[in-house]
Amino acid sequence: MKRSDLTEKLLDIKREKGWSWKHICEKIGGYSEVLIVGAILGQMKLTKPQAANAGELFGLSKSETAMLNETPMRGEGIPMPPTDPLIYRFYELVMVNGPAWKALIEEEYGDGIMSAIDFDMVMERLPNPKGDRVKITMSGKFLPYKYYGASGNVPEYGFKEG
């Protein structure tokens, strides 16, 4: 069975049982809803205890349960640019705001990147009389570029210079 087949099986069970993502996340436990839903959708990996919880919840075989604990091929099957309107809005946010985010991060921290691995994300619903708002907070470790071959007084890493 391929990971995409397992994802479809999990989504079929979710539909048949009428489960919400919140219900599934509570039963699997241990991480944020974004990470757990990402794992069910084939983009993230669950720990062995979480995979066991998912296996019990969904009635999976040992092989299917083990697959939830394997590192997936992230991003596979997602067209670029994305065609789903909601996912495309995030793509658009990065295209439009990415250069400004890059300039501001580099000015504040130096030459490097924000990690998407050493990373936290929280999603909140903010009530608003004009229509509820989605608030997404992302926090990633700053990782300075290493300048290989540095010698003498040349900095080895791209931290902001004083």
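The values are calculated or read from the model by the stated rules, or taken from the named source; none is laboratory data. Being a predicted model, the structure only gives us computed values, none of them experimental. Heads up, the Cβs are rebuilt from the backbone with ideal geometry, glycines too, and the neighbour counts pull from every protein chain shown. What goes into the accessible areas is simple: the full protein's heavy atoms, side chains included, and nothing from ligands, DNA or RNA. Shrake-Rupley method; radii C 1.70, N 1.55, O 1.52, S 1.80 Å.
Of 26, 106, 124, which has the largest mean-square fluctuation in a 10 Å C-alpha GNM of the chain? Most flexible of the set in this elastic network: 124.
Summarising the label geometry, the points placed 7 Å from Cα in the beta-carbon direction at residue 76 and residue 122 lie 3.4 nm from one another.
Based on the Cβ-Cβ distance of residue 61 and residue 88, what FRET efficiency does E = 1/(1 + (r/R0)^6) give at R0 = 30 Å, to the nearest 0.05?
Rounded to the nearest 0.05, the efficiency is 0.25.
The accessible-area ordering, largest first, of the residues 58, 90, 142, 119 stands as 90, 119, 142, 58, per a 1.4 angstrom probe.
Suppose all protein chains stay in the model; what accessible area per residue would a 1.4 Å probe give for the chain, in Å²?
Accessible area per residue: 73 Å².
Among 68, 35, 93, the largest mean-square fluctuation in a Gaussian network model of the chain (Cα springs under 10 Å) belongs to 93. Every helix of 4 or more DSSP H residues in the chain counts as -39500 (n - 2.57), and over all residues that averages to -14000 deg cm²/dmol at 222 nm. From Cα pairs below 8 angstrom and at least 6 apart in sequence, can you work out the relative contact order of the range 3-69, rounded to a whole percent? About 31 percent, as a whole number.
What is the calculated FRET efficiency for residue 115 to residue 21, with r their C-beta to C-beta distance and R₀ = 35 Å, to the nearest 0.05? Plugging the Cβ-Cβ distance into 1/(1 + (r/R0)^6) gives 0.85.
Apolar share of the accessible surface for the range 24-118: 61 percent from carbon plus sulfur atoms, 1.4 Å probe. If you average the alpha carbon positions of the range 92-162 and of the range 40-75, how far apart do those two centres end up, in angstrom? First find each Cα centre; the distance between them is then 30 Å. In a fully extended conformation the segment linking residue 102 and residue 138 would gain 11.5 nm over its present Cα-Cα distance, using 0.36 nm per residue.
From the Cα gyration tensor of the range 3-69, with a ≥ b ≥ c the square roots of its eigenvalues, which class applies: rounded if a/c is under 1.5, or else prolate if a/b is larger than b/c, or else oblate? Note, shape of the range 3-69 comes out rounded. For the range 85-144, rounded, prolate or oblate, judged on the Cα gyration tensor with a ≥ b ≥ c (square roots of eigenvalues), a/c < 1.5 rounded, else prolate if a/b > b/c? It comes out prolate by the Cα gyration axes. Would you please classify the overall shape of the chain from the alpha carbon gyration tensor, given that a ≥ b ≥ c denote the square roots of the eigenvalues, rounded means a/c under 1.5, and beyond that prolate means a/b larger than b/c while oblate covers the rest? Judged from the Cα gyration tensor, the chain comes out prolate (a/c at least 1.5, a/b above b/c).
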